[in-house]
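S.K.: Can you read through this structure? Questions will come right after.
The values are calculated or read from the model by the stated rules, or taken from the named source; none is laboratory data. For clarity, every value in this text was computed on a predicted model and none was experimentally measured. For neighbour counting, all protein chains shown are included, and Cβ atoms are generated from backbone atoms with ideal geometry for every residue, glycine included. Protein only, heavy atoms only, side chains kept; ligands, DNA and RNA dropped before computing areas. Shrake-Rupley method; radii C 1.70, N 1.55, O 1.52, S 1.80 Å.
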Amino acid sequence: MASPRPIIQVTDLTKVYKTEAVETVAIDNVSFTINKGEFVAIMGPSGSGKSTLRHILGALDRPTSGTYILDGENVENLTDDALADIRNRKIGFVFQAFNLLPRTTTMKNVMLPMIYAGIPKSQREATAKKFLEMVGLGNRLYHTSNQISGGQQQRVAIARALVLNPSLLLADEPTGNIATTQAEEIMAIFQKLNSEGHTIVMITHEQDIASHAKRIIHVRDGKIVLDGNGHKQRKIHN
Ligand code: ADP
Ligand code: MG
């Protein structure tokens, strides 16, 4: 078997928010690795540090200390411009609120990142169509965002996240705004994408949703308290 290729390597990662009155340790000295082909849920209650971790893993923010290597590139000390560049090249984002352009067709929404990336029109169209078919929306190519359901909008967002071939699909509460049956469809799509080799990290506070991942990292008070799956869960003692 080929040796695993790390996509995320964080070591001794800490994030402290400082205001005039208080310091909050949102992420407290965590270390973990996520390899190519994994499907990981990061789970924890409100206030446990999920959003903070997502901002750092998504190259939207820098840690206070520690290192973060994203697909072979050190991220912890980059400038804002360099962070934006690595984010665009390596990460496909899926948000709770879909973040689609309103009154815009699914095709156009999915083609948008390729327009910014300078990909020629014919290739943009073919690629958008391929990914929309992959998420089961081949029959909704020219519907606008307001003409499709929440679950369908999230599927458009997933197609959009994939068109530039990211190293990592990073989803933040991807089913938070949609009905339960449609949430199951989104999880089935993630599992299919993962079986095809996509690396997925999903932030959630819901056990039901997390259970679709192959590995669950439980965070509490900024620390990892459990990492693994089912019987293979490994308790972490800090
Ligand atoms: P979660 O997403 O799991 O709810 P967060 O990462 O948002 O957790 O928050 C972790 C901790 O950090 C909480 O105690 C929160 O109050 C604090 N926190 C989050 N963002 C800030 C900020 N910008 N300034 C100060 N404290 C913050
Ligand atoms: Mg949060």
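S.K.: Can you name the residue in segment 46-56 that is more than 7 Å from ligand 1 (Cβ to nearest atom) and open to solvent by 10 Å² or more (accessible area, probe 1.4 Å) and is also farthest from the chain's Cα centre (by Cα) among such residues?
M.R.: Among those residues, the one meeting the criterion is 55.
S.K.: Those residues that are more than 22 Å from residue 184 (Cβ to Cβ) and open to solvent by less than 20 Å² (accessible area, probe 1.4 Å), I need them from segment 93-144; list them, please.
M.R.: 107, 109, 110, 114, 128, 141
S.K.: Within segment 1-49, how many residues are β-branched (Val, Ile, Thr) and within 24 Å of residue 209 (Cβ to Cβ)?
M.R.: Result for segment 1-49: 9.
S.K.: Ok, one more. Out of 90, 36, which single residue is charged (D, E, K, R), open to solvent by 30 Å² or more (accessible area, probe 1.4 Å) and either out of contact with any strand residue (DSSP E or B) (no Cβ under 8 Å at 6 or more places or on another chain) or touching a residue at least 12 places away in the same chain (Cβ under 8 Å) (or both)?
M.R.: Just one listed residue meets the conditions, 36.
S.K.: Filter segment 202-226 for residues that are charged (D, E, K, R) and assigned to a strand (DSSP E or B); which is surrounded by the fewest Cβ atoms within 10 Å (Cβ to Cβ)?
M.R.: Restricting to residues being charged (D, E, K, R) and assigned to a strand (DSSP E or B), the top hit is 220.
S.K.: Another question, if that's okay. Which condition number does residue 61 fail, the rest of (1) free of Cβ contacts under 8 Å to residues at least 24 places away in the same chain; (2) within 16 Å of ligand 1 (Cβ to nearest atom); (3) acidic (Asp, Glu) being met?
M.R.: Result: residue 61 fails condition (1) only.
S.K.: Residue by residue through segment 151-183, note down the ones that are surrounded by fewer than 16 Cβ atoms within 10 Å (Cβ to Cβ) and in a helix (DSSP H, G or I).
M.R.: Listed by number, the residues that qualify are 180, 181.
S.K.: Please go through segment 184-199 and pick out each residue that is in a helix (DSSP H, G or I) and open to solvent by less than 40 Å² (accessible area, probe 1.4 Å).
M.R.: Correct list: 186, 187, 189, 190, 193, 194.
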